[in-house]
Amino acid sequence: MSYQAAGELESIAIKYANEAIRLDSQGSYPQAIMMYQKSIETLMKLINLYPDYKLNQIYTQRAIAYRERIKAIQRARGIGEEAGVEPKDGEGRVETLRANFDDLVLKEKPDVKFDQVIGLSEAKRALEEAIIFPNKRPDLFPLGWPRGILFYGPPGCGKTMLAAATAAEIDAVFLSVDAASIMSKWLGEAEKNVMKLFQQAREIAQQENKAVIIFIDEVDSLFGTRSQEVGGEIRVRNQFLKETDGITEKGKKVPIYILAATNKPWSLDPAFLRRFEKRIFVNLPNEPARKNMFELYTQPLMLDPSVKLEALAKLTEGYTGSDIKDIAQSVQLNVVRELFDSGDALNLGSKPRQITIEDFKNVVKQRRPSVSPEMLKTYIKWSESFKAL
Ligand SMILES: Nc1ncnc2c1ncn2[C@@H]1O[C@H](COP(=O)(O)OP(=O)(O)O)[C@@H](O)[C@H]1O
Ligand SMILES: [Mg+2]
């Protein structure tokens, strides 16, 4: 595999991780280790191929969590530390971030701004009302404000990005764990660690006088009604609900927020859902949003005057933000490949030809939107019953 777009690598990594956790909680440890490793490798590839990818800190954290889990399994089974289980690429980067992970705190602020998230004006409005305004002027909210916020919607539309950007916007400490990491790193000890996570949030909020955002990504793997009940997950979930209640209690003024994200809202346990007073649909980008996305992602590319952003937006009804980024990357790759095939790439200073609208049409023709119309209907239907802005 020589080239794979970021969004694709991301979903592959998530698939491996979920499979690893399934195997892990069934006690199929050697297979689980293999899947964790594949997930780590995919995450490292993503990080190394796209060093300036906005969510890399979050992915690095996950790779570390999976590696920790591999070690924990090996210790428990008396295998010890074997060569070959460590991710080879980007090893240095992992080491330097490791201490941070052990504190569960992403010390560096996520590198993404609120206004870099394109479209989603309804979601942003809801976040302003629930987090940004109360954080700036708590005195204007005598009745308190919602603390539990769920983002749901198709993959690749900006849920993770929006959570990271919200933290950056209010200069909050961002405690980000994906549900897969909770189960993988903490299996067996998960209950205690959930307690520690919230304890730490309270300490930071009180002692450092800073807002804290606890972000649980891919939350359905922890709170899905069909998650396995093997490794004490029920106790973990109950602990989590109890801690959440402690924070979301009306009248509390401690600036701690719990954000969660899922692609599968319908699989969530009602007890979990109840705790999240705001439920925000992060939908596919509409036409103006797609135009803005193309503007952003084609900015570094050399476009022929035939390429009109409006036309690209019209061409991509049903595509996600992540799809649009992938399309821009593929189109560029195609002209670069032509340059290499012609032999000209070896002349320093040679450039690929300008990209035409036909180049875009060809790429779009070859890839279907990653969300099908039926899938979208399912989201909209769920939304009609459960959305809460
Ligand atoms: N609304 C958006 N604005 C800008 N970029 C987006 C948007 N939605 C998706 N993207 C691009 O796709 C990538 C994946 O988005 P992500 O937030 O991980 O989606 P989700 O969490 O909903 O699956 C982002 O890092 C970004 O590059
Ligand atoms: Mg995500």
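The values are calculated or read from the model by the stated rules, or taken from the named source; none is laboratory data. In this text the structure is predicted, and so the values were computed from the model without any measurement. Cβ coordinates were reconstructed from backbone atoms using ideal geometry, including for glycine residues, and neighbour counts include every protein chain displayed.
List, please: which pairs have Cβ atoms under 7 Å, are six or more places apart or on different chains, and start with a residue in segment 136-160 that is touching a residue at least 24 places away in the same chain (Cβ under 8 Å) and end with one that is acidic (D, E)?
Listed by first residue and then by second, the contacts come to P146/E277; G148/E277; G156/D323; T160/D217.
Just checking, which of A65, A32 is part of a helix (DSSP H, G or I) and closer than 22 Å to A163 by Cα? Before the answer, list the steps.
Details: A32 fails: closer than 22 Å to A163 by Cα.
Result of the check over A65, A32: A65.
Any residue in segment 182-199 that is under 26 Å from K113 (Cα atoms), modelled with pLDDT of 75 or more and in a helix (DSSP H, G or I)? Full working, then the answer.
So the first thing to find is which residues in segment 182-199 are under 26 Å from K113 (Cα atoms), and the list is 197-198.
Adding the requirement that they be modelled with pLDDT of 75 or more leaves 197-198.
Subset that is in a helix (DSSP H, G or I): 197-198.
Within segment 182-199, one or more residues are under 26 Å from K113 (Cα atoms), modelled with pLDDT of 75 or more and in a helix (DSSP H, G or I).
Identify all residues within segment 128-155 that are within 16 Å of ligand 2 (Cβ to nearest atom) and not in a strand (DSSP E or B); write none if there are none.
We begin by selecting, within segment 128-155, every residue within 16 Å of ligand 2 (Cβ to nearest atom); these are 149-155.
Hits for segment 128-155 are G153, P154, P155.
Could you count how many residues in segment 120-179 are in contact with a Leu (Cβ under 6 Å, 6 or more places away or on another chain) and more than 16 Å from ligand 1 (Cβ to nearest atom)?
1
Here is a yes/no grid of residues against (1) of a type in the set (D, E, K, R); (2) over 19 Å from K381 (Cβ atoms):
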| position | (1), (2) |
| --- | --- |
| Y257 | no, yes |
| N263 | no, no |
| F272 | no, yes |
| V282 | no, no |
| R290 | yes, yes |
| F294 | no, yes |
| T298 | no, yes |
| P305 | no, yes |
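Is it fair to say T42 is part of a helix (DSSP H, G or I), within 15 Å of ligand 1 (Cβ to nearest atom) and either aromatic (F, W, Y) or modelled with pLDDT of 85 or more (or both)? Show your work before the answer.
Details: part of a helix (DSSP H, G or I): yes; within 15 Å of ligand 1 (Cβ to nearest atom): yes; either aromatic (F, W, Y) or modelled with pLDDT of 85 or more (or both): yes.
So T42 passes the test.
Taking Y3, is it among the aromatic types (F, W, Y), within 16 Å of ligand 1 (Cβ to nearest atom) and modelled with pLDDT under 85?
Details: among the aromatic types (F, W, Y): yes; within 16 Å of ligand 1 (Cβ to nearest atom): no; modelled with pLDDT under 85: yes.
Spelling it out, it is not the case that Y3 is among the aromatic types (F, W, Y), within 16 Å of ligand 1 (Cβ to nearest atom) and modelled with pLDDT under 85.
Conditions (1) in contact with a Phe, Trp or Tyr (Cβ under 7 Å, 6 or more places away or on another chain); (2) in a loop (DSSP other than H, G, I, E, B); (3) at pLDDT below 95, marked per residue:
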residue: K250; (1), (2), (3): no, yes, yes
residue: W266; (1), (2), (3): yes, no, yes
residue: A271; (1), (2), (3): no, no, yes
residue: M293; (1), (2), (3): no, no, no
residue: L296; (1), (2), (3): no, no, yes
residue: K314; (1), (2), (3): no, no, no
residue: Y319; (1), (2), (3): no, yes, no
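How many residues does segment 274-294 contain that are surrounded by fewer than 18 Cβ atoms within 10 Å (Cβ to Cβ) and either in contact with a helix residue (DSSP H, G or I) (Cβ under 6 Å, 6 or more places away or on another chain) or within 23 Å of T244 (Cα to Cα) (or both)? Give the steps one after another, and end with the answer.
Residues of segment 274-294 that are surrounded by fewer than 18 Cβ atoms within 10 Å (Cβ to Cβ), as a first pass: 274, 277, 286-288, 292.
Checking which are either in contact with a helix residue (DSSP H, G or I) (Cβ under 6 Å, 6 or more places away or on another chain) or within 23 Å of T244 (Cα to Cα) (or both) leaves us with 274, 277, 287.
Within segment 274-294, residues that are surrounded by fewer than 18 Cβ atoms within 10 Å (Cβ to Cβ) and either in contact with a helix residue (DSSP H, G or I) (Cβ under 6 Å, 6 or more places away or on another chain) or within 23 Å of T244 (Cα to Cα) (or both) number 3.
List pairs: first residue in segment 347-358 and without any contact (Cβ under 8 Å) to a residue 60 or more places away in the chain, second residue charged (D, E, K, R) anywhere in the structure, Cβ distance under 8 angstrom, at least six positions apart or on different chains.
Every condition considered, the pairs that remain are S350/D344; P352/E338; R353/E338; Q354/D304; I355/D304; T356/D304; I357/D304; I357/K308.
Considering segment 298-310 alone, what residues qualify as being surrounded by 15 or more Cβ atoms within 10 Å (Cβ to Cβ) and either in contact with a Gly (Cβ under 9 Å, 6 or more places away or on another chain) or polar (S, T, N, Q) (or both)?
Across segment 298-310, the qualifying residue is only T298.
Where residues in segment 33-78 are more than 22 Å from the chain's Cα centre (by Cα) and of a type outside the set (V, I, T), which of them is surrounded by the fewest Cβ atoms within 10 Å (Cβ to Cβ)?
Among them, the one singled out is G78.
So, in segment 292-315, how many residues would count as being within 13 Å of ligand 1 (Cβ to nearest atom) and more than 26 Å from K351 (Cβ to Cβ)?
Number satisfying all stated conditions: 1.
Quick one: in segment 200-217, which of the residues that are at pLDDT 85 or above and assigned to a loop (DSSP other than H, G, I, E, B) is nearest to D24 (Cα to Cα)?
In this case the residue turns out to be A211.
List pairs: first in segment 202-225 and over 17 Å from G246 (Cα atoms), second outside any helix (DSSP H, G or I) and of a type in the set (S, T, Y), Cβ under 6 Å, 6+ apart or cross-chain?
Between residues of segment 202-225 that are over 17 Å from G246 (Cα atoms) and residues that are outside any helix (DSSP H, G or I) and of a type in the set (S, T, Y), the close pairs are V219/T262; D220/T262.
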